[in-house]
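The values are calculated or read from the model by the stated rules, or taken from the named source; none is laboratory data. Just so it is clear, the structure is predicted and the values come from calculations on it, not from any experiment. Here the Cβ is made from the backbone with ideal geometry for all residues, glycine too, and neighbour counts use every protein chain on show. The protein model used for the area step is the full one, side chains on, heavy atoms only, and it has no ligands, DNA or RNA in it. Shrake-Rupley method; radii C 1.70, N 1.55, O 1.52, S 1.80 Å.
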Amino acid sequence: SYQLLNEMEEWEEDTDVLLHHLPIVGCAFRKVWHSETLGRNKSEMVPAIHLVVNNKCRSLDEAPVVTHEVPIYPQDIEERKRSGVFLDIDLPAPPNEGTETDDDAPHMFLEQHCYLDLDEDDYKEPYIVTVHKESCQVVRIVANYRMENIKDNGKKIVRIPKDQYFVKYSFIPDPKGGFYDIGFGRLLESLGETIDTTINQMLDAGHLQNAGG
(Lines give C-alpha, C1' and ligand atoms only; values in the text may rest on other atoms or scores of the structure.)
Protein backbone atom coordinates (compact mmCIF):
# COMPACT_ATOMS: atom_id res chain seq x y z
CA SER A 1 0.00 0.00 0.00
CA TYR A 2 2.84 2.42 0.79
CA GLN A 3 4.45 1.76 -2.58
CA LEU A 4 1.20 2.28 -4.49
CA LEU A 5 -0.01 5.41 -2.67
CA ASN A 6 3.31 7.14 -1.96
CA GLU A 7 6.13 5.94 -4.19
CA MET A 8 3.97 5.50 -7.30
CA GLU A 9 2.53 9.01 -7.52
CA GLU A 10 0.33 8.26 -10.53
CA TRP A 11 -1.47 5.23 -9.06
CA GLU A 12 -4.34 6.96 -7.23
CA GLU A 13 -5.20 9.38 -10.04
CA ASP A 14 -5.06 6.62 -12.66
CA THR A 15 -7.37 4.49 -10.51
CA ASP A 16 -10.00 7.26 -10.49
CA VAL A 17 -9.80 7.52 -14.29
CA LEU A 18 -9.97 3.74 -14.68
CA LEU A 19 -13.10 3.40 -12.51
CA HIS A 20 -14.92 6.05 -14.58
CA HIS A 21 -13.68 4.61 -17.85
CA LEU A 22 -14.51 0.95 -17.12
CA PRO A 23 -18.36 0.98 -16.94
CA ILE A 24 -18.62 3.03 -20.15
CA VAL A 25 -16.21 1.10 -22.36
CA GLY A 26 -16.30 -2.22 -20.50
CA CYS A 27 -12.58 -2.94 -20.54
CA ALA A 28 -9.44 -1.17 -19.37
CA PHE A 29 -5.84 -2.07 -18.58
CA ARG A 30 -3.14 -1.07 -16.18
CA LYS A 31 0.52 -1.35 -17.11
CA VAL A 32 2.97 -1.87 -14.25
CA TRP A 33 6.73 -1.98 -14.78
CA HIS A 34 10.07 -0.80 -13.44
CA SER A 35 11.00 2.53 -15.03
CA GLU A 36 14.72 2.75 -15.74
CA THR A 37 14.41 6.49 -16.26
CA LEU A 38 12.69 7.18 -12.91
CA GLY A 39 14.47 4.40 -11.03
CA ARG A 40 11.23 3.09 -9.47
CA ASN A 41 8.15 1.04 -10.25
CA LYS A 42 5.58 2.89 -12.34
CA SER A 43 1.97 2.27 -13.32
CA GLU A 44 -0.08 3.62 -16.18
CA MET A 45 -3.77 3.32 -16.98
CA VAL A 46 -4.10 2.12 -20.59
CA PRO A 47 -7.45 2.58 -22.42
CA ALA A 48 -8.60 -0.46 -24.37
CA ILE A 49 -8.36 1.47 -27.64
CA HIS A 50 -4.59 1.81 -27.15
CA LEU A 51 -3.89 -1.86 -26.39
CA VAL A 52 -4.20 -4.14 -29.40
CA VAL A 53 -4.78 -7.87 -28.79
CA ASN A 54 -6.25 -10.51 -31.09
CA ASN A 55 -9.93 -10.69 -30.08
CA LYS A 56 -9.88 -14.51 -30.22
CA CYS A 57 -7.40 -14.75 -27.32
CA ARG A 58 -8.86 -15.78 -23.99
CA SER A 59 -6.31 -13.95 -21.81
CA LEU A 60 -3.24 -11.75 -21.95
CA ASP A 61 -1.02 -14.70 -21.05
CA GLU A 62 -2.14 -16.59 -24.15
CA ALA A 63 -1.81 -13.62 -26.54
CA PRO A 64 1.17 -14.13 -28.90
CA VAL A 65 1.41 -10.37 -29.51
CA VAL A 66 0.29 -7.48 -27.31
CA THR A 67 0.81 -4.05 -28.83
CA HIS A 68 0.68 -0.89 -26.72
CA GLU A 69 0.44 2.47 -28.48
CA VAL A 70 2.69 4.83 -26.53
CA PRO A 71 2.97 8.59 -27.24
CA ILE A 72 6.37 9.94 -26.19
CA TYR A 73 7.42 13.60 -26.26
CA PRO A 74 10.71 14.66 -27.93
CA GLN A 75 12.32 15.58 -24.59
CA ASP A 76 11.59 12.11 -23.20
CA ILE A 77 12.88 10.52 -26.40
CA GLU A 78 16.17 12.42 -26.05
CA GLU A 79 16.50 11.37 -22.40
CA ARG A 80 15.98 7.73 -23.36
CA LYS A 81 18.61 8.02 -26.08
CA ARG A 82 21.13 9.54 -23.67
CA SER A 83 20.46 6.87 -21.04
CA GLY A 84 20.84 4.07 -23.58
CA VAL A 85 17.22 2.93 -23.41
CA PHE A 86 16.60 3.88 -27.07
CA LEU A 87 18.96 3.64 -30.03
CA ASP A 88 20.47 6.99 -30.97
CA ILE A 89 18.89 7.31 -34.40
CA ASP A 90 17.18 10.21 -36.16
CA LEU A 91 13.40 10.01 -36.15
CA PRO A 92 11.15 12.00 -38.51
CA ALA A 93 8.72 14.50 -37.06
CA PRO A 94 5.20 13.21 -36.39
CA PRO A 95 2.55 14.05 -39.03
CA ASN A 96 1.19 17.56 -38.62
CA GLU A 97 -2.59 17.85 -38.50
CA GLY A 98 -2.67 21.65 -38.63
CA THR A 99 -0.95 24.36 -40.64
CA GLU A 100 1.76 25.11 -38.08
CA THR A 101 4.65 22.82 -37.17
CA ASP A 102 4.81 21.72 -33.53
CA ASP A 103 8.32 20.58 -32.64
CA ASP A 104 7.12 19.46 -29.20
CA ALA A 105 4.35 17.19 -30.50
CA PRO A 106 4.58 13.61 -29.19
CA HIS A 107 5.81 10.76 -31.39
CA MET A 108 3.76 7.58 -31.51
CA PHE A 109 5.60 4.36 -30.67
CA LEU A 110 4.35 0.77 -30.81
CA GLU A 111 5.59 -1.32 -27.91
CA GLN A 112 5.07 -4.92 -28.98
CA HIS A 113 5.26 -7.74 -26.44
CA CYS A 114 5.89 -10.64 -28.80
CA TYR A 115 7.95 -13.77 -29.51
CA LEU A 116 11.06 -13.72 -31.71
CA ASP A 117 13.68 -16.32 -32.65
CA LEU A 118 16.70 -14.02 -32.66
CA ASP A 119 19.21 -16.79 -31.85
CA GLU A 120 17.86 -19.02 -34.65
CA ASP A 121 17.40 -22.12 -32.48
CA ASP A 122 13.87 -22.79 -33.84
CA TYR A 123 12.32 -21.60 -30.57
CA LYS A 124 10.84 -18.13 -30.16
CA GLU A 125 11.69 -16.26 -26.96
CA PRO A 126 9.62 -13.44 -25.39
CA TYR A 127 10.86 -9.96 -26.29
CA ILE A 128 9.62 -6.38 -26.12
CA VAL A 129 10.17 -4.55 -29.40
CA THR A 130 9.58 -0.79 -29.55
CA VAL A 131 8.96 0.63 -33.03
CA HIS A 132 8.58 4.25 -34.15
CA LYS A 133 5.17 4.16 -35.84
CA GLU A 134 5.78 6.87 -38.47
CA SER A 135 9.15 5.58 -39.74
CA CYS A 136 8.81 1.87 -38.76
CA GLN A 137 12.29 2.03 -37.20
CA VAL A 138 13.09 -0.25 -34.28
CA VAL A 139 14.44 1.79 -31.37
CA ARG A 140 14.63 -0.89 -28.68
CA ILE A 141 14.61 -4.67 -28.23
CA VAL A 142 14.75 -6.12 -24.72
CA ALA A 143 14.20 -9.62 -23.36
CA ASN A 144 10.85 -10.15 -21.67
CA TYR A 145 11.82 -13.10 -19.48
CA ARG A 146 14.06 -13.99 -16.57
CA MET A 147 16.83 -16.54 -16.71
CA GLU A 148 15.68 -18.28 -13.51
CA ASN A 149 12.24 -18.92 -15.03
CA ILE A 150 13.52 -20.87 -18.05
CA LYS A 151 12.30 -24.47 -17.94
CA ASP A 152 14.27 -27.34 -19.50
CA ASN A 153 14.34 -31.13 -19.39
CA GLY A 154 18.12 -31.41 -19.06
CA LYS A 155 18.71 -31.53 -22.80
CA LYS A 156 16.88 -28.58 -24.29
CA ILE A 157 14.70 -25.64 -23.37
CA VAL A 158 11.06 -26.63 -22.94
CA ARG A 159 9.40 -23.33 -22.10
CA ILE A 160 10.28 -19.70 -21.44
CA PRO A 161 7.40 -17.90 -19.66
CA LYS A 162 7.10 -14.21 -20.42
CA ASP A 163 6.85 -11.42 -17.86
CA GLN A 164 3.39 -9.84 -17.80
CA TYR A 165 3.25 -6.03 -17.71
CA PHE A 166 -0.49 -5.58 -18.11
CA VAL A 167 -3.46 -6.17 -15.81
CA LYS A 168 -6.91 -6.42 -17.36
CA TYR A 169 -10.00 -4.95 -15.72
CA SER A 170 -13.36 -6.25 -16.99
CA PHE A 171 -16.92 -4.98 -16.59
CA ILE A 172 -19.28 -7.31 -18.52
CA PRO A 173 -17.77 -10.32 -20.35
CA ASP A 174 -18.39 -10.39 -24.10
CA PRO A 175 -21.28 -12.87 -24.73
CA LYS A 176 -19.57 -13.90 -27.98
CA GLY A 177 -16.41 -14.86 -26.09
CA GLY A 178 -14.22 -12.07 -27.41
CA PHE A 179 -11.19 -10.78 -25.53
CA TYR A 180 -12.56 -7.25 -25.10
CA ASP A 181 -15.44 -6.91 -22.64
CA ILE A 182 -18.46 -4.64 -23.05
CA GLY A 183 -19.83 -1.71 -21.07
CA PHE A 184 -22.92 0.44 -20.91
CA GLY A 185 -21.78 2.33 -24.01
CA ARG A 186 -22.24 -0.78 -26.14
CA LEU A 187 -25.41 -1.89 -24.37
CA LEU A 188 -27.06 1.49 -24.99
CA GLU A 189 -25.73 1.93 -28.53
CA SER A 190 -28.76 0.46 -30.34
CA LEU A 191 -31.17 2.33 -28.04
CA GLY A 192 -29.32 5.59 -28.68
CA GLU A 193 -29.48 5.05 -32.45
CA THR A 194 -33.25 4.43 -32.22
CA ILE A 195 -33.77 7.63 -30.21
CA ASP A 196 -31.63 9.66 -32.64
CA THR A 197 -33.55 8.29 -35.63
CA THR A 198 -36.91 9.07 -34.00
CA ILE A 199 -35.90 12.64 -33.13
CA ASN A 200 -34.55 13.24 -36.64
CA GLN A 201 -37.81 11.98 -38.17
CA MET A 202 -39.86 14.26 -35.90
CA LEU A 203 -37.71 17.28 -36.80
CA ASP A 204 -37.94 16.48 -40.51
CA ALA A 205 -41.73 16.08 -40.30
CA GLY A 206 -42.06 19.38 -38.41
CA HIS A 207 -39.82 21.19 -40.90
CA LEU A 208 -41.81 19.79 -43.81
CA GLN A 209 -45.08 20.89 -42.21
CA ASN A 210 -43.80 24.40 -41.49
CA ALA A 211 -42.35 24.77 -44.99
CA GLY A 212 -45.74 24.10 -46.55
CA GLY A 213 -44.84 21.00 -48.52
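Here are the numbers:
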quantity	calculated
FRET efficiency, 1/(1 + (r/R0)^6) with R0 30 Å, evaluated for LEU5 and GLN164 via beta carbons	0.85
Convex hull of the chain built on C-alpha atoms - directionally averaged projected area, nm²	19.5
List GLU148, GLU10, GLU134, GLU78, ordered by accessible area with a 1.4 Å probe, largest first	GLU148, GLU134, GLU78, GLU10
Heavy-atom accessible area order for HIS207, HIS113, largest first, 1.4 Å probe	HIS207, HIS113
DSSP-loop GluC sites (Glu not before Pro) across the stretch 22-63, with at most 13 other Cβ within 10 angstrom	GLU36, GLU62
Euclidean distance between Cα centres, the stretch 114-129 to the stretch 134-151, Å	8
Gap separating the Cα centres of the stretch 155-202 and the stretch 36-103, nearest whole Å	22
Added length on full extension, which subtracts the Cα-Cα distance from 0.36 nm per residue, GLU36 to LEU118	27.1 nm
Cross-link pairs beyond the 28 Å C-alpha cut-off, checked among LYS133/LYS168; LYS133/LYS176; LYS133/LYS162; LYS156/LYS176	LYS133/LYS176; LYS156/LYS176
Computed over the chain: relative contact order in percent, which uses C-alpha pairs under 8 Å that are six or more apart	22
Helix 189-211 vs. the chain, principal-axis angle (Cα, 0 to 90°, nearest 10)	30
Separation of the ASP76 and GLU13 label points, Cα + 7 Å toward Cβ, nm	1.2
Check: the stretch 139-206 dipole with +1 on Lys, Arg Cβ and -1 on Asp, Glu Cβ, in debye	960
Amide H contacts of ILE182 (H built 1.01 Å from N, under 5 Å, at least 5 apart or other chain)	PHE171, ILE172, ASP174
Loop-resident sites, the stretch 107-145, for chymotrypsin sites (Phe, Trp or Tyr not before Pro), counting at most 13 other Cβ within 10 Å (DSSP)	TYR123
Accessible area of the stretch 85-205 divided out per residue, in Å², using a probe of 1.4 angstrom	70
Ranking by accessible area, most exposed first, for GLU111, GLU13 with a 1.4 Å probe	GLU13, GLU111
Nearest-ten-degree value, helix 11-25 long axis tilted from longest Cα axis of the chain	50
In Å², nearest 10: area of ILE199 left accessible to a 1.4 Å probe	80
Computed magnitude of the charge dipole of the stretch 1-69 (debye, nearest 20; Cβ of K, R +1, Cβ of D, E -1)	360
Where only alpha carbons of the stretch 56-113 are counted, the Rg and the Dmax (Å)	15.1, 45
Size of electric dipole in the chain: Cβ of Lys, Arg +1 and of Asp, Glu -1, about Cα centre, debye, nearest 20	1080
Dipole of the chain, positive direction: furthest Cα of THR37, LEU203, VAL52, with charges on the beta-carbon	VAL52
In sequence order, calculated HN-Hα J values of the stretch 139-151 (Karplus, 6.51, -1.76, 1.60; Hz; x Gly/Pro)	10, 6, 9, 9, 5, 10, 8, 10, 4, 6, 8, 5, 10
